[in-house]
Structure formats: structure tokens, C-alpha cells
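Chemist: Shown below is the structure under consideration.
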Amino acid sequence: MRFAAIAALLLSLSFPAEAVAATPYSKAGMRVDGTICVDAATGTVLSEEKADFPGHPASVTKLMTTLLVLEDIRANQTTLRSRVKVTKAAADIGGSQIWLAPGESFTVDEMLYALLLKSANDVAVALAIDRAGSVPAFVARMNRRAAELGMTRTTFVTPSGLTYGKGPHDTTTARDLAKLSITLCRFPEALKYTSTKQYILRRPGKPLELLNHNHLLDSFPGCDGLKTGWTVAAHASIVTTAKDKDLRVIAVVLGCQSPAGAKPEQRLRDSLAADLMTQGLAKLKKLEAEKALQLAQTPARKTPLKAKKGEGFWDWLVDLFSF
């Protein structure tokens, strides 16, 4: 029953939602591969624009890596205290990293902080090898899980989102990332990491300060995740979430490319994500208010009184008129 309910929730994201007006950013010439905002609890689509258009997620890919690690922990296949040994393959990866050295080891807990705050590619590879024996084996797990979640337009080729040249790239859509994020937000520990603004990684010699790349944690009330991504080829992407009392929305901006001479892509991406969450929360509050009003206006069903078993008619009649 539980699996069926989750499957129904994720499949609900496949249906088109009400069209939304073009954003001021697109009017200004900003190109975006796709956007979507959903209710994290029900999967209801609150707004979308080109949500099924394929793009490259860059480091947002690390959300799937995180999900698989957390699911392994829940299945008692590893723990947050388990130590992960760094291989040469992990140490040699490029891009955003914390410069791991072969032979070093850190706990899974420490590595998740580095993965989600610093967006460390070397950590993503180290976790992948630890959990599956090799990067290709872990990527196969990523794609199997994506299929289970109904991410029908997603193909992963790395655990980090870092790809080079004209080779194969991680590919997904805004809608598919929303499906992934709904599942990830069911892990409170995931939000513990993604909401942390600063973490000190203890390592021999000199501690390393890790700062979260998600600036919406400071600027948007209630924001507590999830992940940013950027490369020259993929441009700027973000999956972000915010909570207002009992309501939570998830917003996805995929492949934000700014016009020449405009603000940096990352700033435009963050502004668009903030707008999506603001509008999404407002719409969600309106929907909840309409439901409450409809419930209040629905006449209560009267339950007919029945005589208790073994109770005579006159006893029942006395009970009926006793106040």
C-alpha cells in the first residue's frame, strides 16, 4: 500500500499543469531549459514551464548520489559513522573538490557535508566506489533508482555531474528532478545537511571550512535546501525547497543562461527560484484555504441512532430524550 501511494504521487507529476505566465527573466532574454514548482507533500504541480525539456543538471546530480547513500543507511548497509577510504580515482577527479588524498578516510557523515555544501566531486566519486565497488556500478544503481522513481527522461553518467567535452552528459528534466527531490525530502537527515551553511571538516594538518553554495538559505525565509549546480556547458541550475508552517514547496530551475551583459547566471537562477517558491507557497496556501472552506460548508452527515444490543425499546427511548 505504501509503495502504491508513493508511486501514485510520483506519477501525478507526469500530468500537465496549469500554464504560467512567462517570467520577467525570460522577457529580459534569459534562457532556461525548464522550471517547475511542486507541493512536496502531494506532488501537485503549482507551476511549470518547459518542465519536460532535457538539460544537464551539473552538480544537482549529487542529489541522486545522496539519496542512494541515505537509502543504504536506512537499509543498514552502512552507517553515518562508517569510514570511506579515498581511492586514487576519487583523488584525481577535477572541478569543485576538497582535494582528497589517496588513502585518507572520512566518515560518511563528513563526506555528506562535503558533498552537499562544497559540492565536492572527489567526495562523490569516493562515495560511489564505497557503495558500489566502482563508478560504473554506482551509476547503474543511479539509473535503476531513477527508473523506479518515474524519472523517464533522465540518464546519469556520473555520480558528480562533472562531464567533459562532447562525451555523454548527465541528462534530466525539471519534472524528473522534482520527483527525485520529493523522495529525498522524506529523509530529515538530508535537510540537515542541505540547510547547514557552514561546516568545519576536521582533517590532519589544517581544518577545512565548507561553505554552502546555496545563497537562498540566507535570503529566502524557510529555505533549507537543496542543491545548486553550474558548469560552462550546463549553465546554472538549482533545486530548492522552503517550508512555511506545515506547507513545503520544491522549485527546480534547470539550465539558466543569462543574456550577454546581464547578471551572472547564478544570481538570475536564484532570483527565479525565489520567485517560483514565493508564488508556489501563495498558491498552495490558497488551495488549502479553499479546501478548508469547502469542508466547513459541507453539511455534517447525521448518524442514525440505534438501540444497543440487549436494550429494550423503552430503555432506548429514555436514553434518546435524556439530556
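Chemist: Based on the mean of other Cβ atoms within 10 Å per residue, sort peptides 221-227, 61-67, 164-170, 200-206 so the most packed one is first. Could the numbers behind the result be given before it?
Modeler: Values: 221-227: 21.9, 61-67: 26.4, 164-170: 12.9, 200-206: 10.0.
Descending packing order for the listed peptides: 61-67, 221-227, 164-170, 200-206.
Chemist: Quote the charge dipole size of the stretch 22-147 about the Cα centre in Debye, to the nearest 20; the model charges only the Cβ of Lys and Arg (+1) and of Asp and Glu (-1). Don't jump to the answer; show the numbers that get you there.
Modeler: Numbers: 14 positive and 13 negative charges, 41 e Å.
In debye, rounded to 20, the stretch 22-147 gives about 200.
Chemist: So for the stretch 2-285, considering every pair of alpha-carbon atoms, how many percent are separated by more than 35 Å?
Modeler: Details: 4872 of 40186 pairs.
Counting every Cα pair in the stretch 2-285, those more than 35 Å apart make up 12 percent.
Chemist: What ranking do 51-57, 175-181 get when scored by the average of other Cβ atoms within 10 Å per residue, highest first? Mind dumping the intermediate values first?
Modeler: Numbers: 51-57: 21.7, 175-181: 27.3.
Ranked by mean Cβ neighbours within 10 Å, highest first: 175-181, 51-57.
Chemist: For SER105 and SER82 in the same chain, what is the full-extension length gain: residue separation times 0.36 nm, less their Cα-Cα distance, in nm?
Modeler: 7.3 nm
Chemist: So, one more: Is there a quick way to get the dipole size of the stretch 2-285? I mean about its Cα centre, with the Cβ of Lys and Arg at +1 and of Asp and Glu at -1; what is the value in debye to the nearest 20?
Modeler: Numbers: 34 positive and 26 negative charges, 65 e Å.
Using only the charged Cβ atoms, the result is roughly 320 debye.
Chemist: If you look at just the Cα atoms of the stretch 142-229, how large are its Rg and its Dmax in Å?
Modeler: Here Rg and the maximum Cα pair distance are 15.7, 46 Å.
Chemist: Using the alpha-carbon centroid of each, what span in Å lies between the stretch 80-150 and the stretch 189-255?
Modeler: For the stretch 80-150 versus the stretch 189-255, the Cα centre distance is 18 Å.
Chemist: Between GLY94, THR158, SER105, whose Cα lies farthest towards the positive end of the dipole of the stretch 88-218 when Lys and Arg beta carbons carry +1 and Asp and Glu beta carbons carry -1, centred on the Cα centre?
Modeler: THR158
Chemist: What's the FRET efficiency of ARG144 with ALA289 using the Cβ-Cβ distance as r and R₀ = 45 Å, to the nearest 0.05? Spell out each step's value before the answer.
Modeler: Working: r = 41 Å, r/R0 = 0.91.
The calculated FRET efficiency here is 0.65.
Chemist: Under the definition of Cα pairs under 8 Å and six or more residues apart, what whole-number percent is the relative contact order of the stretch 2-285?
Modeler: Working: 582 pairs, mean separation 67.7, N = 284.
It comes to 24 percent, rounded to a whole number.
Chemist: Of the listed pairs LYS263/LYS283; LYS50/LYS283; LYS166/LYS263; LYS118/LYS192; LYS197/LYS227, which have alpha-carbon separations greater than 24 Å here?
Modeler: Values: LYS263/LYS283 28 Å; LYS50/LYS283 20 Å; LYS166/LYS263 27 Å; LYS118/LYS192 15 Å; LYS197/LYS227 12 Å.
Checking Cα-Cα distances, LYS263/LYS283; LYS166/LYS263 exceed 24 Å.
Chemist: Roughly how many debye, to the nearest 20, is the charge dipole of the stretch 191-271 about its Cα centre, given +1 on each Lys and Arg Cβ, -1 on each Asp and Glu Cβ, and no other charges?
Modeler: Using only the charged Cβ atoms, the result is roughly 300 debye.
Each reported figure results from applying straightforward, stated rules to the coordinates on display, with no laboratory input. Treat the numbers as computed from the prediction; the structure is a model and nothing was measured. Note: ideal-geometry Cβ built from the backbone for every residue, glycine included; neighbour counts use all protein chains shown.
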